[in-house]
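Data block below; observations after.
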Amino acid sequence: MRNGDVSGGSGQLQKAAQRLEAAWERTREHWRDENSRLFAEEELLPLMQAVKFAVESTQVYGSVVHQAKMACDSDCREFLSE
């Protein structure tokens, strides 16, 4: 992973969340009681929301790092051409 590149880790996190969600759907076919509902509400939903926030945040971070790198590269070229 290059410095400032978080897309790989973000992608892995997103895939893991998708696998968890698929596993939960399979589990719900057999576990349909109050504890199941509480688990989904108190554990899974907050976790999935946190994953979504983390993925979105890393996308913003990646964009900012890319813009900063482009600006630095441009400044460096201007400095070297003087």
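Observations on the structure shown:
- Cβ-defined net charge surrounding residue 51, 15 Å radius [Lys, Arg +1; Asp, Glu -1]: 0
- In plain terms, the chain from residue 35 to residue 18 could stretch by 3.9 nm, reckoned as 0.36 nm per residue minus the Cα-Cα distance.
- Filtered GluC sites (Glu not before Pro), region 5-75: DSSP coil and at most 14 other beta carbons within 10 Å: 29
- Spin-label zone in region 41-69 - amide nitrogen under 17 Å from a point set 7 Å from the Cα of residue 7 along the C-beta vector: 55-69
- Listed values for region 23-30 are Karplus-derived 3J(HN,Hα) couplings in whole Hz (6.51 cos²θ - 1.76 cosθ + 1.60, θ = phi - 60°), namely 5, 5, 4, 5, 5, 5, 5, 10, and x replaces Gly and Pro.
- Distance (nanometres) between label positions extended 7 Å along Cα→Cβ at residue 42 and residue 67: 4.2 nm
- Shape call, the chain: gyration tensor on alpha carbons, a/c limit 1.5: prolate
- The charge dipole of region 7-81, taken about the Cα centre with unit charges on the Cβ atoms of Lys, Arg (+1) and Asp, Glu (-1), comes to about 240 debye, rounded to the nearest 20.
Every number in this text was worked out from the coordinates using simple rules, so none of it is lab data. Just so we're clear, the structure is a prediction, and the values are computed from it rather than from any experiment. Because the Cβ atoms are built from the backbone with ideal geometry, glycine has one as well, and the counts that use them run over all protein chains shown.
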